[in-house]
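Heads up: the structure comes next, in C-alpha cells.
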Amino acid sequence: MPAKKLVLTYVDSLRTDMLLRAVAEGRAPTFGALIERGVLVEDCVSSFPSVTPVACAEMVTGQGADGHWISGMDWYHRLERRYVEYGSSLEASRAFGVFRALYDLVYNMNLAHLNPTTETLFERLDAAGVRTACTPFLIYRGRHRHQVSLEGLLRRAVDATQLKFRHHTWGPAELFYGDLYASSEVPCKPSSIPGSRDGYSACCAAELARHDGFEFLLFSLPDNDNYSHRYGPEASVESISKADSCFAKLVEAGGGLDDFLADHAVVLLADHAQTPVHRGLPLAELLGREWSVLRPSESDPDQAQLAVSPTGRAAHVYLLPGAGERADPEAVRARLNVLEGVDLVCRLESADGDPLVREEPGTPTDGATATVERGEARLRFGPGDAVVDLRGGRWDFEGDLGAIAATVEDGRLLSRDYPDPLSRIWSALTAPHAGDFVLSLAPGYEAVDWGGVTHAGGGSHGSLLAGDSLGPLLFVGCGPADASERAQWTLRDVAPVVLDHFGLT
Ligand SMILES: [Zn+2]
C-alpha cells in the first residue's frame, strides 16, 4: 500500500485559462498552491461528445464510449426502443417524466447502461482492499452494497407519485449521493438545486478526512458547470473561486496544506471545458420537416423514422426500423451536412462503402470504416497503419484531412482544432448506443434539448473542437514527473495513474 491516500477532484467545466486567471487574481489560492507544487497538463483531452456522463465514465474506466457504453446526456436505446435522458435540463427531464429521468440517471446509468464488463476505478480498488469513497458523482459503481435512504424532497416526491424508488445499489465503501445514499451519518445538508451542490460535497469530503474515512476519494465539484452555462465560461472566476474554497475545506480538515499533502496525493481536473454559445440548433424540429422524428412521449415508436438525441454541442441521430416508410440514409446524411450550425457529420460505413445502419441492437461494426464530413471535405478512416496519432494510435485514411483540419508530418497526424480526432470519433461511433450519425456542432451553436432549452447567451460544450475539449489535469504527489512524458494527455490516462499509485497495474 502506498504511503499516501489519493483525492481525485473534478471541477465540472473548468477551463485552464480561467483557472490560471482565478489564481492570478488571488481568487483561487488553494488551487494556486497545488499548481505550484504539482505537474500541470494544460490541455488534457476530454471525451467525445465532451459532456459530463461520457467524460466521467472515461475518467473512471480509462476507456472511451466504445468501452464504457455511455454515449451522451441523451441517447436512444435500440433494445428498449426509447430515449434515455439523464437530465440535460429540468425541462428535458419533464418531457420524459422526472421520475424516469432520475431513475436513468441514478440507477440505470451505473447498473444497466455502463458496460458491466468494464471495471470502474472503485471496483478495481475495492477488489484490492483500498478503502474507496465518493461524493455525488455520476459514475459510482463499486463493490459495496448501499441501502437507499429516502429523505427530504425526494421522499416527498416519491410519496406524492406513489412510485417505488426503493432500489439499493453498488458503490464505493463510502457513498454520498445527496438525499438517496449516505453510507455514514454526516452533518451535511444535500441540495438538489443545480449550482449549489459543491458545499455538500465539500462537507462530506471534510467529514471523511476527519475520520480517516478513505484511501481513495473521488471529490466532485459540479457547480462551475452551471455557472458557466448561465453566465458564459469567461465569467467563471466567480465559480472557480467557490470551488477553491470548497477544496480548502477538505485541506483544512486534513490539517492545512502541508499536512494534507504529506498524507494525500491529489489529481485535479476538468471533465471538459466550455465555449460561449449564442444560437440553439433545433435539430428535431428541422429534421421533423422531412421525416417523422420520435417524440419523448411517443407511445408507438414504430411509426417514427428518426430518433434525435441532442447532447450539448453534439448530437446523435438514429435511423429507426419503423413500420412505415424508412428514412433514406443518404438523404439524411445530405440534409445534416448542410444544416447551419452542424460542423462535423460522422458515421460508419460497411466494408463495401455503404452507410452502416444499425437499426437493430448489437449490429456488428467489424470491418467498418468511419467517415467524417465537414462541408465539402470528406475523410474516411479506420484502424490501420498509414499514420500514427499523438497517442500512438495507428490509422489508415483516404480523402481530405481538411475535414478534421489535420496535417501529417513525418507520419504523425496532427490537428490543433480537433484534439485526438480519429480515436475520439471512432470511439463515439463504434459505441453500442451511438447514433447512426454523430454530429459535432459549429462554434457558438448548441443543440436544443428535448425540453426546448439551450444556454444561448451563456456557455456550453460537447463538440470535438478544442475549445470544448481541452481542460487542466494537475498531478500533485502522483503521476508523471513532467507533463511532457506524453505528447497528448486524455481523460483515459487518469484511471491508470490512480491504479499505478496504488500499485495496481
Ligand atoms: Zn455542462
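The values are calculated or read from the model by the stated rules, or taken from the named source; none is laboratory data. No experiment lies behind these values; they were computed from the predicted model shown. Don't worry about glycine lacking a Cβ; one is built from the backbone with ideal geometry, like all the others, and counts go over all protein chains shown.
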| said: Quick test of your reading of the structure: Y445 fulfils all but one of (1) more than 16 Å from the ligand (Cβ to nearest atom); (2) within 19 Å of the chain's Cα centre (by Cα); (3) in a strand (DSSP E or B). Name the failing condition by number. | reply: (1)
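Quick check, is E58 closer than 22 Å to F137 by Cβ, touching a Ser or Thr at 6+ places or on another chain (Cβ under 9 Å) and not assigned by TED's automatic domain parsing to the domain that holds G312?
On the way: closer than 22 Å to F137 by Cβ: yes; touching a Ser or Thr at 6+ places or on another chain (Cβ under 9 Å): yes; not assigned by TED's automatic domain parsing to the domain that holds G312: yes.
Criteria met by E58.
Has region 397-410 got any residue that is part of a strand (DSSP E or B) and within 23 Å of the chain's Cα centre (by Cα)? Outline the logic, then answer.
Applying the first criterion (part of a strand (DSSP E or B)) to region 397-410 yields 397-399, 406-409.
If we keep only those that are within 23 Å of the chain's Cα centre (by Cα) too, we end up with none.
No, the conditions are met nowhere in region 397-410.
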| field | Meets criteria (touching a Cys at 6+ places or on another chain (Cβ under 9 Å), closer than 30 Å to R37 by Cα and not in a loop (DSSP other than H, G, I, E, B)) for V438 | value | no
| When residues of region 13-65 are limited to those that are touching a residue at least 24 places away in the same chain (Cβ under 8 Å) and among the acidic types (D, E), the one surrounded by the fewest Cβ atoms within 10 Å (Cβ to Cβ) | E25
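Just the residues that are over 18 Å from L218 (Cα atoms) and surrounded by 22 or more Cβ atoms within 10 Å (Cβ to Cβ), please, taken from region 472-489. Show your work before the answer.
Pass one, region 472-489, residues over 18 Å from L218 (Cα atoms): 480-489.
W489 - this is the single residue of region 472-489 that is over 18 Å from L218 (Cα atoms) and surrounded by 22 or more Cβ atoms within 10 Å (Cβ to Cβ).
So which of T454, T505 is within 16 Å of the ligand (Cβ to nearest atom), assigned to a loop (DSSP other than H, G, I, E, B) and among the β-branched types (V, I, T)? If you could, list the steps in order and put the result at the bottom.
Values: T505 fails: within 16 Å of the ligand (Cβ to nearest atom).
Selected residue: T454, the only one of T454, T505 that is within 16 Å of the ligand (Cβ to nearest atom), assigned to a loop (DSSP other than H, G, I, E, B) and among the β-branched types (V, I, T).
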| When region 38-52 is examined, which residues are found to be within 13 Å of the ligand (Cβ to nearest atom) and either more than 18 Å from the chain's Cα centre (by Cα) or within 20 Å of V7 (Cα to Cα) (or both)? | S46, T52
| field | Complete set of residues in region 340-354 that are farther than 16 Å from P383 by Cα and touching a strand residue (DSSP E or B) at 6+ places or on another chain (Cβ under 6 Å) | value | G341, V342, D343, L344, V345
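Looking only at region 205-226, how many residues end up being more than 10 Å from the ligand (Cβ to nearest atom) and in a helix (DSSP H, G or I)? Steps first, please.
Taking region 205-226 first, the residues more than 10 Å from the ligand (Cβ to nearest atom) are 205-221, 223.
Among the residues that remain, those that are also in a helix (DSSP H, G or I) are: 205-210, 223.
Total meeting the criteria: 7.
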| request: Report whether or not V158 is outside any loop (DSSP other than H, G, I, E, B) and modelled with pLDDT under 90. | output: yes
| message | So for region 269-277 (the condition being over 16 Å from T52 (Cα atoms), more than 13 Å from the ligand (Cβ to nearest atom), modelled with pLDDT of 95 or more and surrounded by fewer than 24 Cβ atoms within 10 Å (Cβ to Cβ)), does at least one residue qualify? | response | yes
| said: If the requirement is being more than 16 Å from the ligand (Cβ to nearest atom) and modelled with pLDDT of 95 or more, which of these qualifies: G72, G97, G67? | reply: G67
| request: Tell me, please, whether a residue that is on the phi < 0 side of the Ramachandran plot, free of Cβ contacts under 8 Å to residues at least 60 places away in the same chain and either within 16 Å of the ligand (Cβ to nearest atom) or assigned to a helix (DSSP H, G or I) (or both) can be found in region 280-288. | output: yes
